[in-house]
Amino acid sequence: MFQLINPLWLFAIGGISIPLIIHLWNIKKGKTLKIGSISLLGERSRQSARSLKLIDLLLLFLRCLLLIILALILAGPLWNSKINTSANKGWILIEKQNLKETSSQFKKEIDSLSKLGYEFHFFEPGFQYAKLEDALNQNKSEIGSGQLLPYWSLIKLLEDEIPKNTQVFLFTPNLLNRLVTKRPLVTHPIQWETYTPSDSITTWIENAWFNESDSINVTIASSSPIKTTFTTVTIDPAAKNSPFELDIQNGKASLKFKDKKQGDSLPVTIDTATIRIAIYTDKFKNDARYLKAALSAIKKYTGRKIKLTEYSTIYIPSDQNIIFWLSETAIPSKIAPLDLFFKYEKGNIEVINSKLNLSPSMSSIEKEGIKLFKRNAYPENSIGGFSVWEDGFGKPILDLKMENKLSVFHFYSRFNPDWNELVWSNDFAKALIPIIIPEQHASEIHPSDKRSVRQNQIAPSFIKESGKASAKNTESQKSLKNQFWLALISIFVLERYLTFRNNLS
């Protein structure tokens, strides 16, 4: 059945009035030519007049047809045809990235499904149909581009593409780094089988920086299906047997593994900056001492270039990356750090018997938590904040907001044993690392991460459609634009040819 996406463009057909007006305008009244005798010219003249009139009408028709076809192209012509869903038993889905290994892992299942008439499709946008044998012969690379969509994003795309009543069998590796989006809700059931890839151990450079002695500290990540670990080492890339390669371009230094077999060969920029931290305090002198001790521990542990200065006046240099405002006084407008503020919030003091919950990836205290005795009331009308630390009731103790292009941390307690036991905890310095060095351990899962997930963790959530069964995908749509463009070009060429011949005659 013929259909148009944007039928409003059919109003453009009114443009055929233009060649009609031009045609009528160009009709000229004939001139009378006086000659001695027309007996020898009469018959030929009538034939010539009829021929010219026929060509003019044909040109008029072609020019009107050009405008009609152009309007149809703009309207988006489609041809809808019914899909025989009963003839299509199902799809076998495998991504190109691991095509050979995946088909080898599930050879028995795939062969059985193929004999039953199941079609093979690539598990990628478009879900292109192909013959599996031809795809295996053509797919020479198992590496891929590394820019692959998450599994769950592809599942959502598949939900819109798969014909109704078509069974789906999906075969993929069980990689955690491909599950970085929200688990989707689907109405089309999927049989999903996974396996652990053979290249299940990998290493990469997480980050690198120059330390106080101007040598290079490198955090190396090593990943397996069970876990990913991080190790920080000090290296000399100029050493003869160094596994790293140092490169300097446009004043920026980068580091990478020399050998791909040793690790990911993608270069990582070496951080050369000094982190300047200012602590301002007035009556919270003890709080400042606890904080300085924690920051000094971070400096020693990470080897970062950190310059720490305490101020008791508001004359703080403008080149500070971070300012800890341990005061309840308002911050003067002229004081602005380069990167972030960490400030005490004031308000009604609440005496509570609760616990302070840090990020689960940092806290080593699983059950008891860090004891929390006092806190400032969290404003009920606060909006736009991201909760970083919380009390036992789920209310933010530390939240993060973006204010005037700055990261601003609002702390609703104090670095003081009278308020909580954070300053006595081994997690104090660990909890501050993501704040002052957010790139130390990035929250994003690295593309080379090889951690695996269980079968029940990878499957999407299936929900049954309520009410009348959907008629989704009972028709296939094919665009007719290419055919209309071909007709347009052919008619245009014919029109130009007739016009040229008419001018010669």
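Taking the stated definitions as given, is Ser198 out of contact with any strand residue (DSSP E or B) (no Cβ under 7 Å at 6 or more places or on another chain) and farther than 30 Å from Thr272 by Cβ?
Working: out of contact with any strand residue (DSSP E or B) (no Cβ under 7 Å at 6 or more places or on another chain): yes; farther than 30 Å from Thr272 by Cβ: yes.
Yes: the conditions hold for Ser198.
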### Query
Where in segment 164-230 are there strands (runs of 3 or more DSSP E), lying fully within it, with 3 or more residues that are outside the structural domain of Tyr118 (by TED's automatic domain parsing) and under 23 Å from Pro438 (Cβ atoms)?
202-210, 216-223
#### Entry: From the options Ser327, Ser354, Ser318, residue that is modelled with pLDDT under 90 and polar (S, T, N, Q)
Ser318
### Meets criteria (at pLDDT below 90, assigned by TED's automatic domain parsing to the domain that holds Thr172 and exposed (fewer than 13 other Cβ atoms within 10 Å of the Cβ)) for Gln97
no
### Breaking point among (1) more than 30 Å from Leu266 (Cβ to Cβ); (2) among the small types (Gly, Ala, Ser); (3) at pLDDT 85 or above, for Ser104
(1)
### Query
Any residue in segment 264-287 that is surrounded by fewer than 19 Cβ atoms within 10 Å (Cβ to Cβ) and in a helix (DSSP H, G or I)?
yes
### Task
Could you list all residues from segment 251-263 that are surrounded by 18 or more Cβ atoms within 10 Å (Cβ to Cβ) and not in a strand (DSSP E or B)?
Gly263
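The values are calculated or read from the model by the stated rules, or taken from the named source; none is laboratory data. Fair warning: this is a prediction, and the values are worked out from it, not measured in the lab. Every residue, glycine among them, receives a Cβ derived from its backbone with ideal geometry; neighbour counts consider all protein chains shown.
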